[in-house]
Amino acid sequence: MISLFRKELPEIYYFFKNNYTETVVLCMATLFLVLERYQPIGASLVVSRMIYYAILPFLTILIILRKNPLDYGFRIGNYKLWGFYVAITVVIGIPVLYIGSHFSSVGQYYTRRFDYYSFLTQMVPFLFAWEYLLRGFLLFGLMKKFKEASILIQMVPFVLLHFGKPEIETLMCIPMGLWFGFVAYRGKSFWPAFIIHVFINFTLKYFVNY
């Protein structure tokens, strides 16, 4: 037993050495998601998620990985390319979201008091933190090792985070999660994914309530 452990110990060491960045990114992203669920900070959900999904990943990049946080999707990137993808999403998304708003499950879930102030001060910061964790920290943290496959990886937690919402919305998060990741990957920035997510969230709620 001891001899086997001594033999395998170098393999464990080399595994973490060769996959240090990916291990830190995946483990910390998972940790932040779990802690936000079971140990929210403060009374405000927005503040808690800003800390877990944005501030702590930012500090992880800076302190643990010792890298430039701007390299994790924070730069403006190829804005001409991602601007094209955002425009396509808006054009296609408006009729699709209008149709989706008429699903009974969607209407029941999103029929509530909707005002612009709450959306700007609560939902927009929430979506910013959400997108930074998935399409910033996670996607760009895995990009060097996994390349395009990082798009597939970040899609999984995106779908899981929608559990509890209408089934049709959760199912649509599979292709949309891939699309968000693809646009961020190709555009070299998490900003287009954030813009698209805000557009979708706002438009769907608007159609349901008005």
In debye to the nearest 20, how big a dipole does segment 2-209 give about its Cα centre with +1 on each Lys and Arg Cβ and -1 on each Asp and Glu Cβ?
-> 440
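Return the subset of Lys145/Lys188; Lys144/Lys205; Lys67/Lys147; Lys17/Lys144; Lys80/Lys144 for which the Cα-Cα distance in this structure is over 26 Å, preserving the input order.
In this structure, Lys144/Lys205 exceed 26 Å between Cα atoms.
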Value at 222 nm in deg cm²/dmol, rounded to 500, when DSSP H runs of n ≥ 4 in the chain each add -39,500 (n - 2.57) = -21500 deg cm²/dmol
Using the Kyte-Doolittle scale, which helices in the chain average at least 1.0 and also have C-alpha atoms spread 20 Å or more along the helix axis, with helices defined as whole DSSP H runs?
-> 20-38, 79-100, 191-209
Along the principal axes of its C-alpha atoms, what lengths does segment 2-209 span, in descending order and rounded to whole Å?
-> 66, 40, 28
Farthest towards the positive end of the dipole of the chain, among Ile63, Ala184, Gly100 and with Cβ unit charges of +1 on Lys and Arg and -1 on Asp and Glu, lies the Cα of Ile63
Note down the nm distance, to one decimal, between modelled labels 7 Å out along Cα→Cβ at Gln122 and at Leu4.
-> 5.5
May I ask for the distance between the Cα centers of segment 108-185 and segment 29-65, given as a whole number of Å?
-> 16
Which whole-number percentage describes the relative contact order of the chain, with Cα contacts under 8 Å and a sequence gap of 6 or more?
-> 30
Pull out the extension gain between Lys17 and Arg37, defined as 0.36 nm times the separation in residues minus the alpha carbon to alpha carbon distance; nm, one decimal.
-> 4.2 nm
For segment 118-170, with only Lys/Arg (+1) and Asp/Glu (-1) charged at the beta-carbon, what is the dipole magnitude about the Cα centre, in debye rounded to 20?
-> 280
Given a Förster distance of 30 angstrom, what is the FRET efficiency for Phe199 paired with Ile174, based on the Cβ-Cβ distance and rounded to 0.05?
-> 0.95
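All of the numbers you see were taken from the coordinates with simple rules; none came from a lab. Just so it is clear, the structure is predicted and the values come from calculations on it, not from any experiment. Every residue, glycine among them, receives a Cβ derived from its backbone with ideal geometry; neighbour counts consider all protein chains shown.
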